[in-house]
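All remarks here apply to the structure that follows.
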Number of protein chains: 4
Amino acid sequence: MKQRVNGILPPVTTPFRNGAVAYDALAQNIAKWNTTGLRGYVVMGSNGESVFLTRGEKLKLVEAATNALSSGKLLIAGTGSDSIKETIALSNDAADRGADAVLVLTPSFYKEQMKSAAFVRYFTEVAGSVRVPLIMYNVPKFTGVTIEADAVAVLAEHENIIGLKNSSENTAHTAEIIASVPENFSVLVGTASVLYPGLAAGAAGGILALANIAPNECVELQRLIGEGKHAEASALQKKLIPVNKAITSKYGVAGLKAAMDMLGYFGGEPRSPLAPLEEKEGKELKITLRKAGLLD
Amino acid sequence: MKQRVNGILPPVTTPFRNGAVAYDALAQNIAKWNTTGLRGYVVMGSNGESVFLTRGEKLKLVEAATNALSSGKLLIAGTGSDSIKETIALSNDAADRGADAVLVLTPSFYKEQMKSAAFVRYFTEVAGSVRVPLIMYNVPKFTGVTIEADAVAVLAEHENIIGLKNSSENTAHTAEIIASVPENFSVLVGTASVLYPGLAAGAAGGILALANIAPNECVELQRLIGEGKHAEASALQKKLIPVNKAITSKYGVAGLKAAMDMLGYFGGEPRSPLAPLEEKEGKELKITLRKAGLLD
Amino acid sequence: MKQRVNGILPPVTTPFRNGAVAYDALAQNIAKWNTTGLRGYVVMGSNGESVFLTRGEKLKLVEAATNALSSGKLLIAGTGSDSIKETIALSNDAADRGADAVLVLTPSFYKEQMKSAAFVRYFTEVAGSVRVPLIMYNVPKFTGVTIEADAVAVLAEHENIIGLKNSSENTAHTAEIIASVPENFSVLVGTASVLYPGLAAGAAGGILALANIAPNECVELQRLIGEGKHAEASALQKKLIPVNKAITSKYGVAGLKAAMDMLGYFGGEPRSPLAPLEEKEGKELKITLRKAGLLD
Amino acid sequence: MKQRVNGILPPVTTPFRNGAVAYDALAQNIAKWNTTGLRGYVVMGSNGESVFLTRGEKLKLVEAATNALSSGKLLIAGTGSDSIKETIALSNDAADRGADAVLVLTPSFYKEQMKSAAFVRYFTEVAGSVRVPLIMYNVPKFTGVTIEADAVAVLAEHENIIGLKNSSENTAHTAEIIASVPENFSVLVGTASVLYPGLAAGAAGGILALANIAPNECVELQRLIGEGKHAEASALQKKLIPVNKAITSKYGVAGLKAAMDMLGYFGGEPRSPLAPLEEKEGKELKITLRKAGLLD
């Protein structure tokens, strides 16, 4: 039977040192996060610069994360690509190295054809051959496509598809999906900018870039809703909006990594062709972190 | 001093009979709505097919609505166009005929240039010459442009700009705006698909197509939030999503008018080049209304 | 019987002096253009800031242009809006004041519904009630909608619809339309950036912002193609690309007007909320004009 | 010194039999194309369903194509992905198996950051480490990003970057690029819908889905332009537009493969999640091929 994935997970950044993956730095970051209320970790997500990693690097990353995990934390690996064959292979290889579940992007290259029927075919074929549970991943700003509620409703019936991460900021879309799926199917908010409304609409949790640098605040926001403290939750949401914007739409992965460096994690530079923040941007980011109370 | 526009208002449809505006039918609809908890009415909004009306028809519409209004209800007139000069003139003519406030679209023709500075110039000039309070109107799906929170924050300081109707379903955008403006500036949700999350984030109310056919439900949803009954509010939101989708993104104004006919209002056909629903679509719509409990 | 509208026409800018339309300045500009090989003029087009003009200003503009016209030049007035009723009324009023034809924008507010059937309804109804020939106007960058070749093919059979101005830079779209309409239906290129490929594909001429400041060059390009001198035409096209970009996508109407001032026309400032060029932009524009050989 | 890649190349489809790559069928198709005036072949392009292939399948495909090649034909392999490291590795592996050059997609995942500076970094790093010449590949409809002329101009100076395939139908963009690069840098048209205007603007040739099924017509069109026969070239272009539309924007790869089956090539079905044509679509396609004179 499906288990709901309740809670907050960061899509962890991939640390690089001199251009190579710094697996030890990932372990250090995870050691810090292990002390928080995070439900687990997602490696090889969008904020993990998955598209810049080789297959070999990806599998080592899963191994490194598995070894650094504390008891009870979940490990989810981002393994999706347009190729069904490769997605299945990579997912099973990740499972063999310790991933508890896989997060699989909607296929997106042939955008005109990527409608509900194609999504149903894709996820049904992948989920049927992967040995761990699968969470679908909708992120229109990176893929240019959107999976609609009707397709999610069909796929939610598949025994090996346990959830959907929705990174759209369209809360109507999220609410429509939640209204279309069974209780035990986990809809996860994909960006902290809509964490409060998403959870209030019934989402099970969130996979949030912001959880890399503000894990406690994200966990706290969910706790407040659980206790019915909506005013406090909404107030916390407002406080987090500017810092979340800085590390996502404004500065992207480079901003997230710079913030990590400021807050005692290993951030480092993104991989080329992404560029690190310019000095002026870094100063603005620092001010934003201070205003949000994340930095003294 | 600015007064918050709390509550729910329908952007009322414009009834046509044999191609001409049926002012009497509008009066009949308003008479029905007068018995509900609606805060007032918006004429000449997007759902009022404002873009299909002549200037003369618009002013008669304001007169007809003013005459039909019951005590205490607000009348807001949609008067915006790209032309500052014409927007001021039409706004004042509408005010002379009874409009309590005007709802003014963001200018949008020269999309590349319609950034924050242009929006600030436009609304400052318009608001400075209009004799009633002004509510800004952001509706990206029709205009192709979006007013960002930084521009709203500046304009919210203008003494004659009292609010913003935001029809974007991006709740992060709405929350960011709410966090950027003073308490007495009214952010109004522009579509019922995000009514619950918008109100929960601090919106003052909503201008909602759905309020044409389900005024009590929309008012009830806001009441529930006021009483802290979030679970009930969220459940009601879910129930309203399919019917709201049918009368907005799925079938548009033609769907909204068909639903009005089914529910005892005067709906009628939209003006050309919009087309009325096909028979099959009407049947589907009826089923959707029944499922939502709006129709027996 | 329909006559092809061969040749080049500028969508003339609307001059403002202290915020009011400077009709005399328009007359002076036209007097200069009358000495060139331009086929005529379009008033109240996109570059004429039509959306910023009141109805009264528009009609005076037609009168002023009519009075300034030299023998044999065509006068076309942009009269389209989403409202069929108003478009017909304004078109006939413009015709009464001397317009030889009207240029009518595709309706665009209800974008989801603006498909081929709606366009066919709209233009059939408008063209059937306007007393001068009608040219359709497709400009996706401002309207967010596109009229497809199948709808143009149907409408090209209407006796009062004589052409289409296509401002899309997608030459495949233009070529598909040309292949779908009769010989006597005039497809007009809508931007000088694709003048050569459009004419080479069979377009009858062009309505071009660039023709405001480089009328002779635009006319020359068409003459070269008529004489089969494709290499020269293509070379001239390349020379015009940077200056055309500066006065359209880069700086818009403000850039076009600034260039007019530099070249001895009355340009002036655009109407608010558009802003005039900044000093630095003006200097860059001057360099671009010099490189293109338009300015010494 | 760079050599211009003149001529027409099909981005060859990848044949599948029972879900596996049918390398022998590719060889048969190439044997047929070897008798035409095609300049060579592109494997693993967008029409080759590259995104559905595993790394192992890709390398075998290069080997199979190399073995099937007739003397003098070029073999180009599509090897690009967001990962610089993997793109270099795959490119060199393809070169080792016989690829004469590689076609490398613009990176596109982090769309907001994929501006000129990022493209310059990406292609400079890749081209500096690949042992065969590199052709850049711009295809906005699949990637959601566009490389601008200023970045192409910089990259055209790199000794190992010999050209750009531009699949945008915006001929202004293509002409601007051609005007910005040296003579020996090859701009290749990426879709037959704009073959004539692209070549007339100075493009060196085309990599065209249509060349899979109409190689002679595409080659003929380029020959006509070379001989200055623009009227004939433009007429041939018009004839090819409907069939090209059918196998690209209308039916995509499934349509192209169905057309190949109708014309004596091995087409077969696309890989899931793409779906084969429905029967009705196949009939329409057949009519389109007949009208274009490609099928008796």
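Among the trypsin sites (Lys or Arg not before Pro) within region C:118-213, which fall in a DSSP loop and have no more than 13 other Cβ atoms within 10 Å of their own Cβ?
C:Arg131
Shape of the protein assembly as shown from its Cα gyration tensor (a ≥ b ≥ c, root eigenvalues): rounded if a/c is under 1.5, otherwise prolate when a/b > b/c, or oblate?
oblate
Region C:74-110: which residues show an accessible-area loss of 40 Å² or more, assembly versus chain alone, 1.4 Å probe?
C:Asp82, C:Ser83, C:Lys85, C:Phe109, C:Tyr110
Pull up all non-local amide H partners of A:Leu75: gap of 5 or more, or a different chain, and H-to-H distance under 5 Å with H placed in the peptide plane.
The answer is A:Tyr41, A:Asp100, A:Ala101.
In debye, nearest 20: dipole of the protein assembly as shown around its Cα centre with unit charges on the Cβ of K, R (+) and D, E (-)?
Computed about the Cα centre, the dipole is about 0 debye.
Taking amide H atoms as placed 1.01 Å from N in the peptide plane, list the residues 5 or more away in sequence, or in a different chain, whose amide H sits under 5 Å from that of A:Gly205.
Answer set, sorted by chain and number: A:Gly7, A:Val189.
One decimal, nm, shortest first: give the distances between the label point of C:Gly226 and those of the same position in the other copies, each label point 7 Å from Cα along Cα→Cβ.
Nearest first, the other copies' label points are 3.2, 7.3, 8.0 nm away.
For A:Trp33, what charge total do you get from the other residues with a beta carbon under 13 Å from its beta carbon, if Lys and Arg give +1 and Asp and Glu give -1?
Here the count lands on +3.
Let me know the shape class of region B:137-233, please: from the alpha-carbon gyration tensor, a ≥ b ≥ c as square roots of the eigenvalues, rounded when a/c is under 1.5, otherwise prolate if a/b is greater than b/c, or oblate.
Cα axes put region B:137-233 in the prolate bin.
Can you give me the distance in nm between label points at C:Arg4 and C:Asp24, each placed 7 Å from the Cα along the Cα-to-Cβ direction?
So the label points at C:Arg4 and C:Asp24 sit 4.2 nm apart.
From the label point of D:Asp96, set 7 Å along Cα to the beta carbon, how far off in nm is each other copy's matching point, shortest first?
Output for D:Asp96: 2.2, 8.2, 8.3 nm, nearest copy listed first.
Any idea of the accessible area per residue across region D:7-227, 1.4 Å probe, to the nearest Å²?
About 30 Å² of surface per residue is accessible.
Can you say what percent of the DSSP beta bridges in the protein assembly as shown, counting only those with both residues inside, are antiparallel? Round to 5.
10
With θ taken as phi - 60° and the coefficients 6.51, -1.76 and 1.60, list the Karplus ³J(HN,Hα) couplings across region A:78-91 in order, rounded to whole Hz; mark glycine and proline as x.
Rounded to whole hertz, the list is x, 10, x, 8, 5, 7, 4, 4, 5, 5, 5, 4, 5, 4.
Per the 1.4 Å probe, what fraction of the accessible area of chain B, in percent, lies on carbon and sulfur atoms?
Here it works out to 50 percent.
What average number of partner chain Cβ atoms lie no more than 10 Å from the Cβ of the residues making up D:266-272?
What the average comes to for D:266-272 is 2.
Given labels modelled 7 Å from the Cα in the Cβ direction, how far is it in nm from B:Lys286 to C:Glu281?
5.6
Using only DSSP helix segments of four residues or longer, with each worth -39500 (n - 2.57), what per-residue ellipticity at 222 nm results for the protein assembly as shown after dividing by its residue count and rounding to 500?
-13000 deg cm²/dmol, from helical runs alone.
What residue in chain C has the Cβ closest to the axis turning C into B, and how close is it in whole Å?
C:Gly144, 2
Which one of C:Phe142, C:Ser186, C:Phe16 is farthest out on the positive end of the charge dipole of chain C, using unit charges on Cβ (Lys, Arg +1; Asp, Glu -1) and the Cα centre as origin?
Value: C:Phe16.
Counting DSSP beta bridges with both partners in chain D, what percentage is antiparallel, nearest 5?
Percentage antiparallel, nearest 5: 5.
If you take the square roots of the eigenvalues of the alpha-carbon gyration tensor of region C:7-227 and sort them as a ≥ b ≥ c, do you get rounded (a/c under 1.5), prolate (a/b over b/c) or oblate?
oblate
Roughly what would the spin-label model give for B:Asp261 and B:Asn184, points 7 Å off Cα along C-beta, in nm?
4.7
Between D:Ala31 and C:Ala89, what FRET efficiency comes out of the Förster formula 1/(1 + (r/R0)^6) with R0 = 56 Å and r the beta carbon distance, rounded to 0.05?
With a Förster radius of 56 Å, E is 0.25.
Measuring nothing but label to label, 7 Å from Cα along Cα→Cβ, what are C:Lys286's distances to the other copies in nm, shortest first?
Here C:Lys286 shows inter-copy label distances of 4.1, 6.9, 7.2 nm.
Using the crude model of +1 on Lys and Arg Cβ and -1 on Asp and Glu Cβ, and no other charge, please compute the dipole size for region A:7-227 relative to its Cα centre, in debye to 20.
I would put it at about 480 debye.
Using a probe radius of 1.4 Å on protein heavy atoms only, what is the accessible area buried between chains A and B, both sides summed, to the nearest 100 Å²?
It comes to approximately 1600 Å² buried between A and B.
Longest span of chain D, sites excluded, free of GluC sites (Glu not before Pro) in DSSP loop with at most 16 other C-beta atoms within 10 Å?
Between the exposed loop sites, the longest stretch runs D:1-147.
Considering only C-alpha atoms, what is the centroid distance from region C:230-265 to region A:104-182, in Å?
Taking the Cα centre of each part, region C:230-265 and region A:104-182 sit 47 Å apart.
The values are calculated or read from the model by the stated rules, or taken from the named source; none is laboratory data. Quick caveat, the model's predicted, so the values are computed rather than measured. When we count neighbours, we look across all protein chains shown, and the Cβ atoms used for this are built from the backbone with ideal geometry, even at glycine. Calculation scope for accessible area: heavy atoms of the full protein, side chains included, ligands and nucleic acids excluded. Shrake-Rupley method; radii C 1.70, N 1.55, O 1.52, S 1.80 Å.
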